[in-house]
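> Submitted below is the structure of interest, expressed as C-alpha cells.
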Amino acid sequence: MSEETPKRLSEEDLLILKSYIKIRVVQEVNATLRTLLRTGGLIAIFWIVTRIAGTKTEVSLHWVIDWALSVSGLAEVLGVLFGSGGVYMAWKYRQLRRADIERLSREKKELEDRIFPNKPTSGLKPTGDSPDFI
C-alpha cells in the first residue's frame, strides 16, 4: 500500500472554508444566545416559584403595574443592548454574505469568460449590486 501525500488547498478553497467557518460561528453564537435566553427564563420562573411556594401571596393589578413602571428603565436599557447586538450581528452577517457573493461572482465570471468569450455582460457589479444607470 502506497502512502498518499496530503493535498494542499487552493487559495479559493481556503477562502471558501474561512467564509463557511465565519458563517457557522455567527450561527452558533446566535443559537447559543437563544438557548441561554430560553434556559435563563425557565430558571428564573422556577426560582420565583420555589421562593413563593408555600407562602401566602397576594398580587393585585396595582402592584404589578407599579413594579412594571419601576423597572421600565431597566427594560429600556436591556432593549437597547439586545437591539444593538442584533444590529451588529446582522451587519457582520451582511459583510460575510457580500464577501461570498463577490468571491462566487468572480469565479462565475472567469468560467463564463472561458466557455462563452463573446457573451455580453449583465452589468452587475462584483458585489452583486445593480449597475448605476444615468
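> For the pairs Lys22/Lys119; Lys7/Lys125; Lys18/Lys108; Lys92/Lys119; Lys7/Lys92, flag any whose C-alpha to C-alpha distance is greater than 29 Å.
Lys22/Lys119; Lys7/Lys125; Lys92/Lys119; Lys7/Lys92
> When the chain is fully extended, how far beyond the present Cα-Cα distance does Trp91 get from Ile45, taking 0.36 nm per residue of separation?
Gain on extension, Trp91 to Ile45, equals 13.2 nm.
No value in this document is a laboratory result; all are computed from the given coordinates. For clarity, every value in this text was computed on a predicted model and none was experimentally measured.
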